[in-house]
Amino acid sequence: MYVTIFMCMKKKPVLVISSGAGISAESGIKTFRDADGLWENYPVMDVASADGFRRNPALIHKFYNERRHQLVNARPNEAHKILADLEKYYDVRVITQNVDDLHERAGSSNVLHLHGELMKIRSIKNPDYIEELSPDNLDTNVETRGKNGDLMRPHIVFFQEPVPNIEKAVEEVSEADIFVVIGTSLVVYPAASLLNFVRPGVPVFYIDPNPADVSGFPVKVIRKTATAGMAELRDILVKKAEEKE
Ligand code: APR
């Protein structure tokens with residue numbers, strides 16, 4: 001009896017994921033720095049920086065309203081779904097730079113957003129007061145107030161602002177038994193620094209069709225899209241998990 005319970009409670013290996021815009025590309029959501037990406041079509045410091053929000057908050061509300069309308073029409077792709085499915089074999093901890101909710105909608109139960117969440121807004125004067133938007137209530141403007149009467153802003157980490165969840169992310173990566181980076185150009189810090197916190201000897205995989213140079217790290221690069229790369233990696237990860245059982 002106790003053996004059975006013990007076997008059920010056996011600790012699963014920790015699989016930490018660091019995802020970027022590339023994992024949502026096959027869901028139809030533009031990345032930032034690819035050809036025709038978001039930053040080719042918008043002046044990044046006008047629509048995604050603290051100075052920009054001070055200068056012209058209406059433009060920023062409009063920019064994030066447009067992205068919410070795109071998001072509600074997008075669906076999680078096979079890469080998001082495989083990650084959710086791997087929770088059968090691993091303690092999967094997703095750290096994402098993405099502000100979309102596709103990991104959650106695919107079924108991932110442990111998602112840490114480094115750069116905020118598109119479907120949430122927060123009080124300008126009290127950053128701990130956060131409200132969730134719904135698919136039938138996507139738009140905000142400079143007069144939008146929360147239920148508590150506070151003026152609200154997108155719950156997004158703008159450039160020039162601190163990344164409150166980075167300490168937690170570093171802690172997660174330092175506990176990883178396997179670390180997987182998916183679809184990020186590794187140019188934005190501190191997210192790009194997470195590779196430095198993997199324990200020696202922990203296997204690291206990087207899935208990206210056009211990967212950044214990670215030659216300084218012992219990384220297995222899978223030069224494929226997120227869906228193709230995760231399909232390949234899933235077989236490897238399931239085999240590893242079954243060998244440990
Ligand atoms: N599958 C996997 N990766 C892909 C795919 C795909 N189908 N398509 C593109 N990519 C890769 C690109 O090769 C690139 O390496 O996704 C990465 C996208 O890079 P960026 O556009 O720079 O996105 P990201 O790394 O997430 O940006 C980080 O920058 O502007 C800020 O806050 C914003 O969170 C964002 C941060």
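The numbers here are math on the coordinates, done by the rules we state, and not lab data. This structure is a prediction, so every number in the text was calculated from the model and none was measured. FYI the Cβ positions are ideal-geometry reconstructions off the backbone, even for glycines, and counts take in every protein chain you see.
The distance linking the range 41-70 with the range 141-163 is 12 Å (Cα centroid to Cα centroid, whole angstrom). The relative contact order of the chain comes to 23 percent, based on Cα pairs under 8 Å that sit 6 or more residues apart. Listed by chain and number, the lysines whose C-alpha is less than 26 Å from the C-alpha of residue 88, apart from same-chain residues fewer than 8 away, are 10, 11, 12, 168, 220, 224, 239, 240, 244.
With the charge dipole of the range 128-245 set up from +1 on Lys and Arg Cβ and -1 on Asp and Glu Cβ about the Cα centre, the Cα lying farthest toward the positive end among the listed residues 176, 142, 211 is that of 211. Building the convex hull from the alpha-carbon atoms of the chain and averaging its projection over directions returns 15.0 nm².
Ignoring aspartates and glutamates fewer than eight residues from residue 81 along the same chain, the ones with Cα atoms less than 12 angstrom from its Cα are 104. Of all the options 13, 218, 200, the one that moves most in a Gaussian network model of the chain with Cα springs shorter than 10 angstrom is 200. Of all beta bridges DSSP finds with both residues in the range 87-245, what is the antiparallel percent, to the nearest 5? Antiparallel bridges make up about 45 percent of those DSSP assigns within the range 87-245.
Using only alpha carbons, the range 109-245 has a radius of gyration to Kirkwood radius ratio (Rg to Rh) of 1.06.
The Cβ shell under 12 Å around residue 168 holds other residues with a net charge of -3, Lys and Arg each +1, Asp and Glu each -1. The trypsin sites (Lys or Arg not before Pro) found in the range 128-184 that occupy coil by DSSP, while having at most 15 further C-beta atoms within 10 Å, are 147.
Among the trypsin sites (Lys or Arg not before Pro) within the range 69-134, those in coil by DSSP and having at most 10 neighbouring Cβ atoms inside 10 Å are 125. Build a GNM of the chain with springs between Cα atoms under 10 Å apart, and of 114, 83, 38 the one that fluctuates most is 38. Bridgeable lysines around residue 147 (alpha carbons under 25 Å apart, same-chain partners fewer than 8 residues away excluded): 62, 120, 125. Our estimate of slack between residue 170 and residue 214, defined as 0.36 nm per intervening residue step minus the Cα-Cα distance, is 14.0 nm.
Dividing the summed helix terms, -39500 (n - 2.57) for each DSSP H run of n ≥ 4, by the number of residues in the chain produces a 222 nm estimate of -9000 deg cm²/dmol to the nearest 500. Here the residues 51, 128, ranked from fewest to most Cβ neighbours within 10 Å of their Cβ, fall in the order 128, 51. Can you tell me which of 211, 164, 43 moves the most in a GNM of the chain? Springs connect C-alpha atoms under 10 Å apart. Fluctuation is largest for 43. Projecting the Cα positions of 121, 53, 22 onto the charge dipole of the range 1-128 (unit charges on Cβ atoms of Lys, Arg, Asp and Glu, taken about the Cα centre) puts 121 furthest along the positive direction. Taking trypsin sites (Lys or Arg not before Pro) across the range 210-245, the ones in a DSSP loop with at most 16 further Cβ atoms lying within 10 angstrom of their Cβ are 223, 224.
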